[in-house]
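Comments concern the structure below.
The values are calculated or read from the model by the stated rules, or taken from the named source; none is laboratory data. For clarity, every value in this text was computed on a predicted model and none was experimentally measured. Here the Cβ is made from the backbone with ideal geometry for all residues, glycine too, and neighbour counts use every protein chain on show. Note: areas computed on protein heavy atoms with side chains; ligands, DNA, RNA excluded. Shrake-Rupley method; radii C 1.70, N 1.55, O 1.52, S 1.80 Å.
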Amino acid sequence: FSCSLSDLLHSFLGLLYQEYRDKSTREEIETRRLQDSQTDPEETSPSEETPSEAEPTSTIENKAPPQINLLRNSNSRFNLWQDLPEVQSSGVLSILQPDEIKLQEAMFELVTSEASYYKSLNLLVSHFMENERLKKILHQSEAHILFSNVLDVMAVSERFLLDLEQRVEENIVISDVCDIVYQHTVNHFSVYITYVSNQTYQERAYKQLLQDKPAFREVISQLELDPKCKGLSFSSFLILPFQRITRLKLLVQNILKKVEEKSDRESTALDAHKELETVVKACNEGVRKMSRTEQMISIQKKLEFKIKSVPIISHSRWLLKQGELQQMNGPKTSRTLRTKKLFREIYLFLFNDLLVICRQIPGDKYQVFDSAPRGLLRVEELEDQGQSLANVFILRLLENADDREASYMLKASSQSEMKRWMISLAPNRRTKFVSFTSRLVDCPQIQCVHPYVAQQPDELSLELADVLNILDKTDDGWIFGERLHDQERGWFPSSMGEEILNPKIRAQNLKECFRVHKSDDSQRRKLGSRNRQ
């Protein structure tokens with residue numbers, strides 16, 4: 001390149017990372033919508049069906065370079081690898097195959113998105129963290145909790161970006177970037193685990209400061225109004241590292257989908273993806289660990305045992321679901337009583353390895369009258385039992401607190417609540433649709449078009465453009481899904497997504513997913529149950 005790539009990047013990359021990320025995911029959603037509408041098998045070629053973070057929202061003329069405008073903004077003259085003057089003038093666009101051009105764009109997007117991310121990190125530090133007024137308001141310990149090791153994260157991003165830029169400057173046609181991703185993930189990305197694990201403390205400290213310090217609230221509001229921030233909130237800058245490490249894994253997946261099978265580049269991409277997955281998993285565990293420990297302590301304080309006491313707090317135990325159900329009094333066969341007196345309230349605490357059955361007593365306490373290991377639970381749905389027995393299921397404890405079998409007929413408040421309890425209580429029970437791990441040729445799928453934040457432990461937080469297999473659904477608007485890129489499972493409202501109707505696109509999504517995880521074939525059966533269950 002005749003000019004420094006870093007100069008080039010900074011000259012045309014006007015987007016903050018939050019803007020880039022939003023634009024990119026919305027492009028992906030529109031691309032899938034277009035693909036899904038192409039129902040004639042003859043209309044599209046396999047390469048055009050491939051879901052991508054960087055594909056166009058309009059049809060591609062045969063062999064024309066894909067026009068992907070993720071980074072377009074009013075101040076930029078060129079946005080992509082193929083838009084670079086050096087690429088335009090070199091003549092390579094007429095030589096390279098369309099698939100190779102798509103791969104070049106996918107690798108270039110990883111580089112430009114890192115530049116955008118670094119720009120946003122730099123703003124977090126220079127505009128917020130180093131603001132003199134804010135420094136005077138915050139105690140040193142408060143500043144440390146709020147900003148954590150962001151300087152380390154920024155230094156790692158800078159070093160990573162420099163290596164990426166150097167690679168792009170070596171040749172107009174980028175040889176690879178995943179080898180660089182691999183090296184940095186292994187040697188430097190542990191700083192992300194430290195930062196993300198602090199997230200619970202960070203969120204709590206931020207809320208507390210807004211509540212307790214009017215001066216802090218005022219300065220933050222003023223800083224957010226600065227044109228540099230482009231209307232983005234301070235909290236959107238704080239969560240950048242967690243968003244980036246997750247997104248980086250998806251960008252590597254996108255490259256992996258485009259490299260030639262059994263090639264060196266596929267091998268490097270698989271290695272990079274595996275290491276990134278390890279870091280992302282450690283980040284998630286770091287976030288969960290603290291909140292889980294606090295939650296277990298809180299629950300332990302509320303329980304009073306009518307039976308032999310069970311120690312609740314354990315490093316390997318966490319809450320999966322809690323809530324009230326109605327227990328049926330009298331024999332199972334009774335259908336003559338139609339009043340609510342047929343049922344009485346009980347309260348369940350379901351942990352990953354233990355079920356505790358209680359009755360609520362005054363003082364926000366719960367009296368435990370039965371328990372069982374989670375592995376010794378079985379559930380059975382009652383069907384066509386009339387209105388009073390709607391949403392009723394039978395819970396069997398193969399070995400309860402008295403070392404004997406016990407059965408409970410339980411009524412939930414809705415169909416979705418019943419199904420959620422049944423799947424949580426017996427996770428290996430067959431769902432309505434078979435999961436990703438079965439290698440089915442086809443399975444119902446949905447893509448997320450509205451982000452969703454989980455409200456309960458059995459729910460799944462969704463990001464824009466997530467694609468999920470639908471494992472079960474309810475008549476009252478809930479879906480139990482398995483996300484393709486990480487096999488995490490959970491419930492979410494059906495209004496958050498759009499079903500993918502084209503069977504060819506569903507098959508392509510599954511094929512790509514198997515390819516991404518091909519290095520984990522020996523672990524295949526474990527993947528489907530990897531989430532919090």
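A few points about this structure:
- Residues located in segment 323-345, provided they are under 14 Å from Ser413 (Cβ atoms), modelled with pLDDT under 90 and out of contact with any Lys or Arg (no Cβ under 9 Å at 6 or more places or on another chain): Lys340
- Among residues of segment 403-418 that are closer than 23 Å to Ile479 by Cβ and without any contact (Cβ under 8 Å) to a residue 60 or more places away in the chain, those with a beta-carbon under 6 Å from a residue that is open to solvent by less than 20 Å² (accessible area, probe 1.4 Å) and assigned to a strand (DSSP E or B) at least six positions away or on a different chain give the pairs Met418/Phe393.
- Total residues in segment 97-136, condition hydrophobic (A, V, I, L, M, F, W, C) and open to solvent by 40 Å² or more (accessible area, probe 1.4 Å): 1
- Residue check, Ser197 modelled with pLDDT of 95 or more, of a type in the set (Gly, Ala, Ser) and open to solvent by 30 Å² or more (accessible area, probe 1.4 Å): no
- Enumeration of residues in segment 166-190 that are part of a helix (DSSP H, G or I) and farther than 24 Å from Leu270 by Cβ: Glu169
- Verdict on Leu164 being in contact (Cβ under 8 Å) with a residue 40 or more places away in the chain, in the same structural domain as Lys230 (by the TED database), over 24 Å from the mean Cα position of the chain (by Cα) and open to solvent by less than 10 Å² (accessible area, probe 1.4 Å): yes
- A Cβ distance below 9 Å, combined with a sequence gap of six or more or placement on separate chains, defines the contacts here; from segment 213-232, residues that are in the same structural domain as Leu124 (by the TED database) and charged (D, E, K, R) reach no residue that is in a loop (DSSP other than H, G, I, E, B) and open to solvent by 90 Å² or more (accessible area, probe 1.4 Å).
- In segment 473-488, the residues that are assigned to a strand (DSSP E or B), closer than 25 Å to Leu250 by Cβ and touching a Phe, Trp or Tyr at 6+ places or on another chain (Cβ under 7 Å): Ile479, Phe480, Gly481, Glu482
Here is a yes/no grid of residues against (1) assigned to a strand (DSSP E or B); (2) surrounded by 13 or more Cβ atoms within 10 Å (Cβ to Cβ); (3) modelled with pLDDT under 95:
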site: Lys321; (1), (2), (3): yes, yes, no
site: Tyr347; (1), (2), (3): yes, yes, no
site: Leu355; (1), (2), (3): yes, yes, no
site: Gly363; (1), (2), (3): no, no, yes
site: Ala372; (1), (2), (3): yes, yes, no
site: Ser388; (1), (2), (3): no, yes, yes
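- Subset of segment 424-459 [open to solvent by 50 Å² or more (accessible area, probe 1.4 Å), at pLDDT below 75 and of a type in the set (Val, Ile, Thr)]: Val441
- Any hit, segment 492-505, residues being under 26 Å from Leu270 (Cα atoms) and open to solvent by less than 10 Å² (accessible area, probe 1.4 Å): yes
- Residue in segment 173-187 that is open to solvent by less than 60 Å² (accessible area, probe 1.4 Å), aliphatic (A, V, I, L, M), free of Cβ contacts under 8 Å to residues at least 60 places away in the same chain and under 30 Å from Ser94 (Cα atoms) present: yes
- Test: residue in segment 97-114 that is at pLDDT below 95 and part of a loop (DSSP other than H, G, I, E, B): yes
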